[in-house]
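Okay, so here's the structure we're looking at.
The values are calculated or read from the model by the stated rules, or taken from the named source; none is laboratory data. Everything numeric in this text was worked out from a predicted model, so none of it was measured. Glycine gets a Cβ as well: all are built from the backbone with ideal geometry, and neighbour counts include every protein chain shown.
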Amino acid sequence: MNASPFHTWLHDVERFLLVARIGGFILSPRDVDRLRQWFMDGIPLAAVLKGLSEGVRSFRYHHAPTDPLPHHLNYYTPFIKALPKKRPEPIVLDQPYEEAVSSPETAPSQQGSLRPVLHHLQAEIEWLALREPRPLERSIKEEYLTRLGRLEQSGEWVSWEEDELLRWLENLDVELLALYHGALDEARRSRLDEASAQVQISRPMLGRRAGETLARKQRQQALKKELGLPEFVD
């Protein structure tokens with residue numbers, strides 16, 4: 001059974017909050033009702049995620065870095081409501097899924113179907129950068145955000161399939177994680193490298209090339225964990 005449009009939309013909001021790591025943020029029944037009303041009012045997902053990020057930015061500007069972020073949506077509501085609405089008509093909750101996503105007014109073109117994915121990635125990384133207290137890690141996340149913005153502005157992605165976007169993101173990972181690895185202090189870099197080298201030692205039956213490939217993958221995963229950047233595309 002397909003999930004309803006609202007529950008898919010709600011899942012994306014919840015995933016964003018999880019990735020953003022707001023400690024203790026659990027959607028209350030009142031929060032869910034608020035989100036349902038926003039959905040019915042036609043507020044697009046991108047506007048909700050952008051409003052959440054703007055709320056974090058404002059809170060960080062007016063409070064000490066150690067102050068915990070607000071854990072309820074009522075704080076973020078003014079920021080979300082202030083953003084322009086892009087969906088032409090409200091969505092009806094009991095509308096069949098196929099009608100909700102395939103009407104002439106709202107159906108994305110084949111070429112434009114990746115736009116929501118890019119906006120979601122940008123919103124998540126922006127929030128992660130805003131919450132990052134470590135200067136080096138924050139600069140790498142901001143560079144991720146800059147590269148995604150350049151990609152969107154270039155229009156190169158409009159003819160891509162999803163697997164092409166995945167390859168682009170994988171290449172971006174390789175490039176920026178290498179930059180991060182080179183900028184780490186010697187102690188942290190050595191610790192990560194030693195952990196990766198243990199893969200080859202513990203699995204000699206893999207052979208040299210396979211062992212090197214696995215060790216490289218392990219180092220990429222370790223670097224991403226150290227950086228605090230999750231996998232954005234399932």
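For TYR75, state whether it is assigned to a helix (DSSP H, G or I) and modelled with pLDDT of 85 or more.
It is true that TYR75 is assigned to a helix (DSSP H, G or I) and modelled with pLDDT of 85 or more.
Since ASP185 meets every condition but one in (1) over 30 Å from LEU114 (Cα atoms); (2) at pLDDT below 85, which condition does it not meet?
Only one criterion is unmet by ASP185, namely (2).
Looking at VAL101, VAL92, which one is within 27 Å of GLU161 (Cα to Cα), at pLDDT below 50 and outside the structural domain of LEU184 (by TED's automatic domain parsing)?
Checking each option against the conditions leaves just VAL101.
Among the residues of region 134-162, what is the count of those that are aromatic (Phe, Trp, Tyr) and more than 14 Å from the chain's Cα centre (by Cα)?
The qualifying residues number 2.
Consider region 149-180. How many of its residues are part of a helix (DSSP H, G or I) and either among the polar types (S, T, N, Q) or at positive phi (or both)?
Residues meeting the conditions: 4.
Check whether at least one residue in region 53-62 is under 19 Å from ARG15 (Cβ atoms) and not in a helix (DSSP H, G or I), and report yes or no.
no
Only one of these conditions is not met by VAL48: (1) surrounded by 12 or more Cβ atoms within 10 Å (Cβ to Cβ); (2) in a loop (DSSP other than H, G, I, E, B); (3) among the β-branched types (Val, Ile, Thr); (4) modelled with pLDDT of 50 or more. Which number is it?
(2)
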